[in-house]
1. Restricting attention to strands (runs of 3 or more DSSP E) lying wholly within segment 8-59, give those where 2 or more residues are surrounded by 22 or more Cβ atoms within 10 Å (Cβ to Cβ) and of a type outside the set (Val, Ile, Thr).
2. For residue 204, state whether it is loosely packed, with under 13 Cβ neighbours inside 10 Å and among the hydroxyl-bearing types (Ser, Thr, Tyr).
3. So which residues in segment 60-72 are farther than 24 Å from residue 128 by Cβ and in a strand (DSSP E or B)?
4. Just name the residue that is nearest to residue 170 (Cα to Cα) out of those in segment 28-54 that are modelled with pLDDT under 95 and not polar (S, T, N, Q).
5. Taking residue 66 as the residue in question, decide whether it is under 13 Å from the mean Cα position of the chain (by Cα) and either of a type outside the set (S, T, N, Q) or at positive phi (or both).
6. For segment 82-103, what are the residues that are over 21 Å from residue 206 (Cα atoms) and in contact with a strand residue (DSSP E or B) (Cβ under 7 Å, 6 or more places away or on another chain)?
Amino acid sequence: MSDECLKILDENRNEVGVASRSDVHRFGYWHDTFHCWFISQLENNNYIYLQVRSEHKEDYPNLLDITAAGHLTNDEEVEDGIREIEEELGIPVAYSDLKKLTTIKYSVEKNGFIDNEFAHVYLYHCKQDLSDFTVQQEEVAGIVLADFEEFSQLWYGERESVSIKGFIINKDGNRESYEGMIDKNKFVPHPISFYQEIIKRIKSKI
């Protein structure tokens, strides 16, 4: 991936300059990101869709993450982030199909990687089948579903693991079924408060 240029923001989200993506994370500059969580109702239960990050990702390879997410470049507005959905998942979605959940300001630092984000968070009620997803393999290794109530209980400390089921792309580039039990260690280490806030906001929309 080329080293994109991102807007640098101050802690009040005022634009103060432009920097490369690598410098943004090296020096911990505040920046904008776009997050979209997919949810659907299957057999009277709500399910949340989780992205399996590619093993080739620089940060957090092979871990479970937001359904679709990405950085906003220096010439993009928040609404332009919708491109991430079709790029990563192959699912065309209109901005009007999304529900804005919140904007979360949060920080994570790990092994010299500093992520200071204003995350603009959206919800999409997915009506597509998993067979409709065509993932961007250099970014995404697969998509799995978890029961939303179990997902909620995991992040509120009420259970140790959740069941997931979906697909991954194997080393031959073919889709294969994937299922199992996973705990918090299999997720990108966003702060627990981040996951709890997302859960609260999703519950208000379903």
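The values are calculated or read from the model by the stated rules, or taken from the named source; none is laboratory data. Every value quoted in this text rests on a predicted model; they were computed, and no experiment measured them. Positions of Cβ are generated from backbone atoms using ideal geometry, with glycine treated the same way; all protein chains shown enter the neighbour counts.
1. Numbers: elements: 15-20, 30-42, 45-53.
By residue number, 30-42, 45-53.
2. On the way: loosely packed, with under 13 Cβ neighbours inside 10 Å: yes; among the hydroxyl-bearing types (Ser, Thr, Tyr): yes.
The answer is yes for residue 204.
3. Filtering segment 60-72 down to residues farther than 24 Å from residue 128 by Cβ leaves 60-62, 71-72.
Answer for segment 60-72, where residues must be farther than 24 Å from residue 128 by Cβ and in a strand (DSSP E or B): just 71.
4. Selected residue: 42.
5. On the way: under 13 Å from the mean Cα position of the chain (by Cα): yes; either of a type outside the set (S, T, N, Q) or at positive phi (or both): yes.
So residue 66 passes the test.
6. 84, 88, 89
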